[in-house]
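Written out below as C-alpha cells is the structure these notes cover.
The values are calculated or read from the model by the stated rules, or taken from the named source; none is laboratory data. Only a predicted model underlies this, so the values are computations on that prediction, with no experimental measurement involved. Methodologically, a virtual Cβ is constructed for each residue, glycine included, from the backbone with ideal geometry; neighbour enumeration extends over all protein chains shown. Calculation scope for accessible area: heavy atoms of the full protein, side chains included, ligands and nucleic acids excluded. Shrake-Rupley method; radii C 1.70, N 1.55, O 1.52, S 1.80 Å.
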Amino acid sequence: MFAAAAMMLASCGGGSGRPTFGDNEFPVVAVGTSSASLQTSYPATIKGVQDVQISPKVQGFIRQINVKEGQTVSAGQVLFVLDNVTYQAQVRQAQASVNTAQASCNTAKLNFENSKKLYESGVIGDFELQSATNSFESAKAGLAQAQASLASANEMLSYCFVKSPAAGVVGTLPFKVGTLVSAQNVLTTVSNNSSMEVYFSLTEKDALAMSQTAGGQNAAVSSMPSVQLKLADGTVYGHEGKVTKMSGVIDAATGSVQVIALFSNPEKILKSGGSGSIIIPKSNSEAIIIPQSCVSEVQNKKFVYVLGKDNKVKYTEIKVDPQNDGNNYIVTDGLKVGDKYVTNGITKLNDGMEIVPITPEKYQQKINDQVKAMSAGDIVGAMKK
C-alpha cells in the first residue's frame, strides 16, 4: 500500500495536482542529449523486378493454354498457341514461290553461263550477253524476294506460338481456349519474382534534405540504411531490403519523389501487385528527449515550463518529432542543451511564476516522506481520489 500511495502522489505532479509539501517546490532537470532510435513508415507497392505483359502479335483463336496461374516458366517457353492453319498455308505458299524462283534462277544461270562461253567464242555479241546477264540478275532478285516472303510467313506463323520473353511466374489467365484475341488483349503477365522492387514516396522536403546532407542524390541513396517491409497482415518481412533508386523528377501532383527498394524473395512470399509499408530506421546520437508527462498540449501545440535565471518559469512552445514511443518526445525545436524544465506539477504553474527548483530525487524523497507521515485512512482516502 505504501508503494501504491507513493505512485499515486507522484502521478499527481503531472496531473490534477501535486504533493502538498513546499508550495513552490517543483522538480527541475537540465536538458541533455542521448541516443534515440526511431522509425518512419511509408505506404508501398510491391512489383516484380520484371513484370512483362504478354500479348499476341497476331489475331487468332486461342487453341491451347500450356500454363497455369502461378506456374514458374523459363524464357522462350510457349505459353499459348493460337489457331495457325491460315499462317501455315501462307508458309507453304511462300515455300512454293521460293521453289519456283529457285528453278527460274537456276535456268537463268545456265543461260548466262552458256551465253558467256558463246560470247568468248565470238558467236554472240554484247547485246545477247547483256540480256542473259540481266535475266540472271532478275532471277536472283526474284529468288531473294520469294525467300523474304517465306521468312515473313514463318515469322507470322511463329507469332501463333506465344512465348515468354523472360523467366518468371505466370499471373492471371483471363482468356479461355476458343477466345478470339488480338494485340490489344493482355493474355497474362509474367513476373520475375526472385527479387522484388518495392515502390514508395518521400516528400520533396525529405528527399532534398537527404541529398544535401549526403552530398548528392546518388550519395543519399548509397548512404540510406537497410529498410524493412511491413506486409499487409501487419507482419514484418523476414529479409531486409536496400534502397537502390530515387527518381530525379518530383511528381507535381503529389510533391513527392518515388523511391525503389530491392528485396530478395527466396520463399516467393512477396507477390507482384501487393501492398505494404516501408520502414526506415532513424538514429540520432544527440537527441533531446523529454518525458511526455511534462508536456502540455493546447490546440495541437506543445509546451513546457522552462526555468529562467530568476527562478521564474516561462511557458515555452516546443516542436517534436511526430514519431515517438508513447512515453517520450524527441524535441526538434524550442529547447537546447543546458535549458532547465519542470518535470512534475505543471498544471499548478503559470507563465512567469516564481518557483523553488528541486531535483527529481529530492522530489521523490519528499513524496516518500509524506507517505510515511500519512495514516492508513489518509492513504486509502488518497487512493480513492
Prolate/oblate/rounded call for region 76-137, Cα gyration tensor, a/c under 1.5 rounded: prolate
Between Lys163, Lys340, Lys242, where does the largest GNM mean-square fluctuation fall for the chain, given springs only between Cα atoms within less than 10 Å? Lys340
For Arg92 paired with Thr213, estimate the spin-label separation in nm (one decimal), with each label point 7 Å from Cα along the Cα-to-Cβ line. 7.2 nm
Please determine, in degrees from 0 to 90 and to the nearest 10, the orientation of helix 360-373 with respect to the longest principal axis defined by the Cα atoms of the chain, where the helix direction is its Cα long axis. 50 degrees
How many angstrom separate the Cα center of region 145-162 from the Cα center of region 235-251? 44 Å
Cα centre as origin, Lys/Arg/Asp/Glu Cβ charges: the chain dipole, Debye: 600 debye
Cα extents of region 223-348 along the three principal axes, largest first, in whole Å? 64, 33, 29
Is region 274-349 best put as rounded, prolate or oblate by its Cα gyration tensor, with a ≥ b ≥ c the root eigenvalues, rounded for a/c under 1.5, and otherwise prolate when a/b is larger than b/c, oblate when not? prolate
Mind pulling the angle between the C-alpha long axis of helix 2-12 and the longest principal axis of the chain? Nearest 10 degrees, somewhere in 0 to 90. 70 degrees
Viscosity 1.306 mPa s, temperature 10 °C, Stokes-Einstein D of the chain from Kirkwood C-alpha radius, µm²/s: 54 µm²/s
Which residue, Pro360, Gln93, Ile279, has the largest displacement toward the positive end of the dipole of the chain when charges sit on each Cβ (Lys, Arg +1; Asp, Glu -1)? Pro360
Mean residue ellipticity at 222 nm from the helices of the chain, using -39,500 (n - 2.57) per DSSP H segment of n ≥ 4 over the full residue count, to the nearest 500 deg cm²/dmol? -10500 deg cm²/dmol
Please build a GNM for the chain, connecting alpha carbons under 10 Å apart, and tell me which residue among Tyr119, Tyr341, Tyr329 fluctuates the most. Tyr119
Most mobile listed residue (Pro43, Pro360, Pro281) in the chain, GNM with C-alpha springs under 10 Å: Pro360
Note the full-extension length gain between Gln59 and Ala373 as 0.36 nm times their separation in residues minus their Cα-Cα distance, in nm to one decimal. 103.5 nm
For a label point 7 Å from the Cα of Glu69 along Cα→C-beta, name the residues of region 273-306 whose backbone N is under 16 Å from it. 273-274
Farthest toward the dipole's positive end in the chain, which of Gln59, Met224, Ile269, given Cβ charges of +1 (Lys, Arg) and -1 (Asp, Glu) about the Cα centre? Ile269
At q = 0.10, 0.18 Å⁻¹, what base-10 log of I(q)/I(0) does the Debye formula yield for region 18-121 when every alpha carbon is treated as an equal point scatterer in vacuo? -0.74, -1.08
Run the simple label-point estimate for Thr33 and Leu349 please: 7 Å along Cα→C-beta, distance reported in nm. 2.4 nm
The chain - percent of accessible surface contributed by carbon and sulfur, probe 1.4 Å: 51 percent
In degrees, nearest 10, range 0 to 90: what is the angle between the Cα axis of helix 204-214 and the longest Cα principal axis of the chain? 90 degrees
For region 266-333, averaging the sequence separation of alpha carbon pairs under 8 Å that lie six or more residues apart and dividing by its residue count, the contact order in percent is 29 percent
Here the gain from full extension of Asn311 to Ser138, 0.36 nm per residue of separation minus their alpha-carbon distance, amounts to 51.3 nm
Quickly work out the Lys245-to-Glu286 label distance, labels modelled 7 Å from Cα along the C-beta direction, and quote it in nm with one decimal. 3.7 nm
For a 18 Å ceiling on Cα separation, which of these pairs sit above it: Lys309/Lys340; Lys47/Lys68; Lys68/Lys230; Lys319/Lys362? Lys47/Lys68; Lys68/Lys230; Lys319/Lys362
Apply the Kirkwood formula to region 69-200: the hydrodynamic radius equals the inverse of the mean of 1/r over all pairs of different alpha-carbon atoms; give it in Å with one decimal. 19.2 Å
Could you report region 260-385's accessible area per residue, 1.4 Å probe, as an integer in Å²? 58 Å²
